[in-house]
Amino acid sequence: MANIECPLAGKVFEILVEVGQQINEDDEIFLIDAMKMENPIYSTASGTVKEIKVKVGEQVAEGTILAVVE
Amino acid sequence: MELIKDALLTTGFPALEIGQVIMWLIGFVLLYLAIKKEFEPLLLLPIGFGILMANLPLAPLMVTSTGELGLIGRFYHYGLEWEIIPPLIFLGLGAMTDFGPVIANPKTLLLGAAAQIGVYLTFFIALAIGFTARESSVIGIIAGADGPTTIYLAAKLAPHMMGMCAVAAYSYMAMVPLIQPPVMKALTTKEERLITMKSLRPVGKVEKIFFPIIAMILICLCVPDASPLMAMFMLGNLFRESGVVARLSNAAQNELMNIVTIFLGVSVGTTMSASAFLTFDVIKVFVLGVCAFMLATATGVIFAKIMNLFLKEKINPLIGAAGVSAVPMAARVVHKVGQEANKRNYLLMHAMGPNVAGVIGTAVAAGMFISVLAR
């Protein structure tokens with residue numbers, strides 16, 4: 001199990017994966033809006049998305065767990 | 001026939017000069033850049049239209065036929081000559097600014113200051129090529145990438161330079177993503193651009209409330225001539241951080257800022273009459289302006305590299321480039337250049353520290369010029 005943490009504070013702009021989807025390390029999985037800029041968040045692990053812990057529009061702090069990958 | 005001739009003479013057509021038509025073209029270019037290319041539209045659109053208004057013969061916009069101030073002349077007189085508009089813009093900027101990254105990493109204040117070396121280098125270059133000290137100071141401040149400060153300083157020290165310096169500052173601010181990256185890459189190695197920085201610590205509400213109060217007192221004591229800008233900047237920030245005057249904070253950020261921006265843009269545009277603008281100095285100012293931006297970027301990056309010689313925990317020297325105060329564009333550029341080297345490197349919030357410190361640094365630099373040159 002690996003937690004994908006948000007590397008910068010901002011608002012969840014788009015979720016690019018679904019629960020159950022197979023992903024690889026470095027895949028773009030979220031877009032976080034910070035300072036009016038859409039920042040792609042890359043997966044730090046390969047595996048299956050087990051859980052997505054945030055919703056679109058939610059404000060997230062740096063270090064917030066965005067998803068769990070198994 | 002005589003009647004028609006007399007009627008024609010009351011129109012602006014016979015009084016129209018070629019210089020005014022050239023200024024119309026410049027106004028059209030700014031309007032095109034604002035509307036079609038979305039280059040700093042909030043400022044370039046009213047400035048472009050203001051240029052058209054300033055170059056209409058016989059139209060009583062700046063001065064009436066009886067020698068009194070016209071409509072736009074009053075905007076300029078009360079807004080800029082009375083120094084009301086730039087401090088009000090700073091009130092809004094303060095309400096929009098989050099000092100969290102600076103408080104979390106106070107070292108970044110040094111980077112905001114280092115980029116101002118570019119201001120002083122440009123000042124000396126302008127002096128060397130024949131501008132007066134007052135004119136050189138306004139050209140130098142373009143390096144700070146801060147429009148309201150440039151306009152404020154020009155109103156104080158060289159009002160005839162205001163239009164060209166403001167347009168240079170805003171044009172180059174829109175071009176930050178083009179001007180800065182080559183300088184940043186030339187001055188850093190791939191290894192330096194790969195440096196990742198530790199997460200910023202969370203900053204508490206009490207710290208955020210005390211910061212504008214203490215900063216205002218310290219800055220205004222050290223550089224009293226920077227106080228009109230800095231006091232309003234910090235007041236706006238206290239509106240934001242206190243959490244008890246949301247209405248005032250929102251008004252400063254939105255309604256007031258928008259209203260003042262209209263008057264600022266139009267007033268600056270109307271300083272650009274053909275006689276004031278169509279000089280060889282304009283070309284020199286635009287060339288010096290781009291050099292100023294590059295110098296400020298370079299000094300910020302070089303200073304960050306010097307800091308790394310003494311720091312146990314290295315900083316990514318790219319964030320030094322955000323010391324020019326084009327907020328948040330310069331921070332975004334740092335972030336993008338960092339991600340070109342390592343796509344998992346998120347420098348955005350780290351670059352916001354020097355970026356907001358740069359706003360303070362540029363206003364302080366302007367205050368220092370005023371204290372030395374205005375007397």
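Taking the range B:187-224 as the region of interest, how many residues are in contact (Cβ under 8 Å) with a residue 60 or more places away in the chain and among the β-branched types (Val, Ile, Thr)?
Residues in the range B:187-224 being in contact (Cβ under 8 Å) with a residue 60 or more places away in the chain and among the β-branched types (Val, Ile, Thr): 6 in total.
Restricting the range B:345-358 to residues that are within 11 Å of chain A (Cβ to nearest Cβ) and touching an Asp or Glu at 6+ places or on another chain (Cβ under 8 Å), which is farthest from B:Ser325 (Cα to Cα)?
B:Met349
Scan the range B:27-44 residue by residue and report those that are surrounded by 21 or more Cβ atoms within 10 Å (Cβ to Cβ) and closer than 20 Å to B:Val176 by Cβ.
B:Leu30, B:Ala34, B:Glu40, B:Leu43, B:Leu44
Of the residues B:Ala133, B:Ala128, B:Ala143, only one is crowded, with 23+ Cβ neighbours inside 10 Å and not hydroxyl-bearing (Ser, Thr, Tyr); which?
B:Ala143
Tally time: how many residues in the range B:334-351 are open to solvent by less than 10 Å² (accessible area, probe 1.4 Å) and either within 16 Å of B:Val301 (Cα to Cα) or within 20 Å of the chain's Cα centre (by Cα) (or both)?
7
Within the group B:Ala226, B:Ala251, B:Ala231, B:Ala298, which residue is open to solvent by 10 Å² or more (accessible area, probe 1.4 Å) and touching a Cys at 6+ places or on another chain (Cβ under 8 Å)?
Step by step, each of B:Ala226, B:Ala251, B:Ala231, B:Ala298 is checked, and only B:Ala231 is open to solvent by 10 Å² or more (accessible area, probe 1.4 Å) and touching a Cys at 6+ places or on another chain (Cβ under 8 Å).
May I ask you to list the residues in the range B:292-312 that are closer than 28 Å to B:Ile139 by Cβ and polar (S, T, N, Q)?
Within the range B:292-312, B:Thr297, B:Thr299 meet the criteria.
Just checking: which of the helices (runs of 4 or more DSSP H) contained wholly in the range B:198-284 hold 2 or more residues that are of a type in the set (Val, Ile, Thr) and closer than 24 Å to B:Ile139 by Cα?
Where helices (runs of 4 or more DSSP H) fall fully within the range B:198-284 and carry at least 2 residues being of a type in the set (Val, Ile, Thr) and closer than 24 Å to B:Ile139 by Cα, they are B:255-269.
Which one is surrounded by the fewest Cβ atoms within 10 Å (Cβ to Cβ), of the residues in the range B:45-67 that are free of Cβ contacts under 8 Å to residues at least 40 places away in the same chain and polar (S, T, N, Q)?
Of everything passing the filter in the range B:45-67, B:Thr66 is surrounded by the fewest Cβ atoms within 10 Å (Cβ to Cβ).
Could you check the range B:174-194 and list, in sequence order, the residues that are within 26 Å of the chain's Cα centre (by Cα), open to solvent by 40 Å² or more (accessible area, probe 1.4 Å) and not small (Gly, Ala, Ser)?
Selection gives B:Met175, B:Pro177, B:Leu178, B:Pro182, B:Lys185, B:Leu187.
Taking B:Val285 and the conditions (1) touching a Cys at 6+ places or on another chain (Cβ under 9 Å); (2) open to solvent by 10 Å² or more (accessible area, probe 1.4 Å), which numbered condition does it fall short on, given that it satisfies the others?
(2)
Residues B:Ala322, B:Ala363, B:Ala330: which one is assigned to a helix (DSSP H, G or I), open to solvent by less than 10 Å² (accessible area, probe 1.4 Å), under 19 Å from B:Asn237 (Cβ atoms) and within 12 Å of chain A (Cβ to nearest Cβ)?
Within the list B:Ala322, B:Ala363, B:Ala330, the selection yields B:Ala322.
The values are calculated or read from the model by the stated rules, or taken from the named source; none is laboratory data. Computed from a prediction, not measured in an experiment: that's the story for all the values here. Counting neighbours? That spans all protein chains shown, and the Cβs are built from the backbone with ideal geometry, glycine included. In case anyone asks, the SASA skips ligands and DNA or RNA and just uses the protein heavy atoms, side chains included. Shrake-Rupley method; radii C 1.70, N 1.55, O 1.52, S 1.80 Å.
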